Amino acid sequence: MAHDVQKVRPFDHPGEGRKRARPVPKGRQVDPTAAREIEVLLGDLPRRRDLLIEHLHLIQDKYKQISAAHLAALADEMKLSFAEVFETATFYAHFDIVKEGEPDIAPLTIRVCDSLTCAMLGGERLLHELQAGAGPGIRVVRAPCVGRCDTAPAVEVGHHFVDHASVESVLAAAKSDNTHARLPNYIDYDAYVADGGYKLLARVRSGDLAKEDLLKALDDASLRGLGGAGFPTGRKWRAVLGEPGPRLMAINGDEGEPGTFKDRWYIESDPHRFIEGMLIGAHVVEASDVYIYIRDEYPAAREILEREIARLPSGGPVLHLRRGAGAYICGEESSLLESIEGKRGLPRHKPPYPFQVGLFNLPTLINNVETLWWVRDIVEKGADWWKSHGRNDRHGLRSYSVSGRVKSPGMKLAPAGITVRELIDEFCGGMADGHSFRAYLPGGASGGILPASMDDIPLDFGTLEKYGCFIGSAGIVVLSDRDSVKDAALNLMRFFEDESCGQCTPCRVGTQKAALLMEQPVWNRELLGELSQAMRDASICGLGQAASNPLTSVIKYFPDEFLPKEAAE
């Protein structure tokens, strides 16, 4: 009698003849072609975690974008998780990430600055006209301040900047073969040495000039940090030196404050004066390595430093040039350290402070470019020379980045404590033709907005705080009777909203909600005031704490902005 026999597969019976399934790796798989491309691109470069952003730049520069396949291959090559690489790459605005299934990005990107001065001088209209007429193969995007407020509107074509840009000049630059940075004339190593450069460094290194005597010169001159915080330089150097070694040094060249461009001017004109000050600082605090962080929007400055550092004699600390990637928050000192370590630029909680636990958890001296630029002059010429400058009971010199409605914008070296009226009339040729002075920003985007009637306040540390403003990095933006201060404040708040790192709720949500409220025809001033106070009290870092300064200034000093149009007239 026949019996029906059911076929039984071996794996239907546990423990009897079971075949082990072929293991399948979890997560994103690495494409072999992409893996080979990354291996060749990195070559003999180290695969250290702190070089992640530098390696992302290599991919971006070569392929004009960063694909998901390249991200996965880079993660595999550096022995990092895909999540670590992805979250870092997507944090920075200058990394163009192409996700799976998305079309490739156009090979040429045009970035149109939309920050305050460029917006005042036609940047918004220029953006729309370029987007409509750029043609195939070109991507046109808006960009935050690129540090060329004196030549607004500014447009970046590839890595070449077009100043006083028009549609015609930008498209002509896009059609040319040279979209790389163009270097200005500057004082190179030979010229600097011929003028006595590096003699002070030699004296310090040989012991001919004692460290304490050098620090006393800085103290006597009252040199303060010129990146915005204004902390006494000599005291900072002593604090770092007082911590147990080894120690490091980091240079903050991430000058992203709208209205500010002085550091770019100094590097692009006399870079070795900054380099010598940097090397003197490194020697004083006995730093073995110096990390120089320059914003990606300054390609000419970065190339100049690469060239001139290569010409330095051997000896001294190891110098590492690091490239930002489009993140205003990295101008905050702890965010700067995180970025140098190859991470997202998220501010650290304090304490401990960077002079105690800084870069790679070591005591770290952090200085701004301009601060170090002045070290040689102050020590060689003496504190009395420095203090002989100044007005209105203030002492020293300040580098004012002046832009907006003046005849001659630019970097103006002027006495500390000069008033904005004196600055406009004596250093900027007066107001632009057809414009009457109405308002000004005394300290860049976060320094507040004051009316022209308050044009007699000395511009220096400690003189503006009682008015709800501060000097910061001395980025002076001049507005005229043709400009709306409410629109200016909204432009600045949108900037802070875009640039918030997102780590803390008061800043992340506060800037967003403030911008929405400020877009309304009638401002809810009471609600905006409460929101501003919450941001100041609870944000982790200075971005959120100071973002509402322009807003509160407009409410306080420009009551006419809130009158009905017929009443205001």
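Couple of notes before you dig in:
- Selection within the range 38-53 - within 28 Å of VAL140 (Cβ to Cβ) and surrounded by fewer than 19 Cβ atoms within 10 Å (Cβ to Cβ): LEU41
- Subset of the range 398-419 (residues that are in a strand (DSSP E or B) and among the hydrophobic types (A, V, I, L, M, F, W, C)): VAL402, VAL406, MET411, LEU413, ALA414
- Take the conditions (1) over 19 Å from VAL554 (Cα atoms); (2) surrounded by fewer than 21 Cβ atoms within 10 Å (Cβ to Cβ); (3) of a type in the set (D, E, K, R); (4) in contact (Cβ under 8 Å) with a residue 60 or more places away in the chain; ASP460 misses just one of them, which is (2).
- Of all residues in the range 141-155, those satisfying the criterion of being crowded, with 24+ Cβ neighbours inside 10 Å and at negative phi are CYS145, VAL146, ARG148, CYS149, ALA152, PRO153, ALA154, VAL155.
- Residue in the range 493-501 that is under 24 Å from the mean Cα position of the chain (by Cα), outside any helix (DSSP H, G or I) and modelled with pLDDT of 95 or more present: yes
- Against the list (1) closer than 26 Å to GLN512 by Cα; (2) surrounded by fewer than 18 Cβ atoms within 10 Å (Cβ to Cβ), the condition GLY443 fails is (2).
- Residues that are surrounded by 15 or more Cβ atoms within 10 Å (Cβ to Cβ), touching a Gly at 6+ places or on another chain (Cβ under 9 Å) and either of a type in the set (Gly, Ala, Ser) or part of a helix (DSSP H, G or I) (or both) within the range 182-199 comprise just one, TYR189.
- Of the helices (runs of 4 or more DSSP H) that lie entirely inside the range 508-569, those containing 3 or more residues that are in contact (Cβ under 8 Å) with a residue 60 or more places away in the chain and open to solvent by less than 80 Å² (accessible area, probe 1.4 Å) span 542-546, 549-557.
- Test: residue in the range 420-429 that is part of a strand (DSSP E or B) and open to solvent by 30 Å² or more (accessible area, probe 1.4 Å): no
- Pairs are defined by a Cβ separation below 6 Å, a sequence spacing of at least 6 or placement on different chains, a first member in the range 375-392 that is assigned to a helix (DSSP H, G or I), and a second member that is surrounded by fewer than 16 Cβ atoms within 10 Å (Cβ to Cβ); the pairs so defined are ALA383/ASP220.
- Boolean, SER401 is surrounded by 18 or more Cβ atoms within 10 Å (Cβ to Cβ) and at pLDDT below 95: no
- Among (1) aliphatic (A, V, I, L, M); (2) over 19 Å from GLY227 (Cα atoms); (3) touching a strand residue (DSSP E or B) at 6+ places or on another chain (Cβ under 8 Å); (4) touching a residue at least 40 places away in the same chain (Cβ under 8 Å), the one test that ILE304 misses: (3)
- Just one of the listed residues (ALA93, ALA106, ALA73) is assigned to a loop (DSSP other than H, G, I, E, B), under 30 Å from ILE38 (Cβ atoms) and either among the charged types (D, E, K, R) or open to solvent by less than 40 Å² (accessible area, probe 1.4 Å) (or both), and it is ALA106.
- The one condition from (1) touching a strand residue (DSSP E or B) at 6+ places or on another chain (Cβ under 8 Å); (2) modelled with pLDDT of 95 or more; (3) within 22 Å of GLY542 (Cβ to Cβ); (4) surrounded by fewer than 18 Cβ atoms within 10 Å (Cβ to Cβ) that ARG235 does not meet is (1).
- Checking the range 323-345 against the condition returns no match, with no residue being in a helix (DSSP H, G or I), over 28 Å from TYR198 (Cα atoms), open to solvent by 40 Å² or more (accessible area, probe 1.4 Å) and of a type in the set (S, T, N, Q).
The values are calculated or read from the model by the stated rules, or taken from the named source; none is laboratory data. Here the structure is a predicted model, which is why all the values come from computation and not from measurement. FYI the Cβ positions are ideal-geometry reconstructions off the backbone, even for glycines, and counts take in every protein chain you see. Side chains are part of the model used for accessible areas, which takes the heavy atoms of the whole protein and leaves out ligands, DNA and RNA. Shrake-Rupley method; radii C 1.70, N 1.55, O 1.52, S 1.80 Å.
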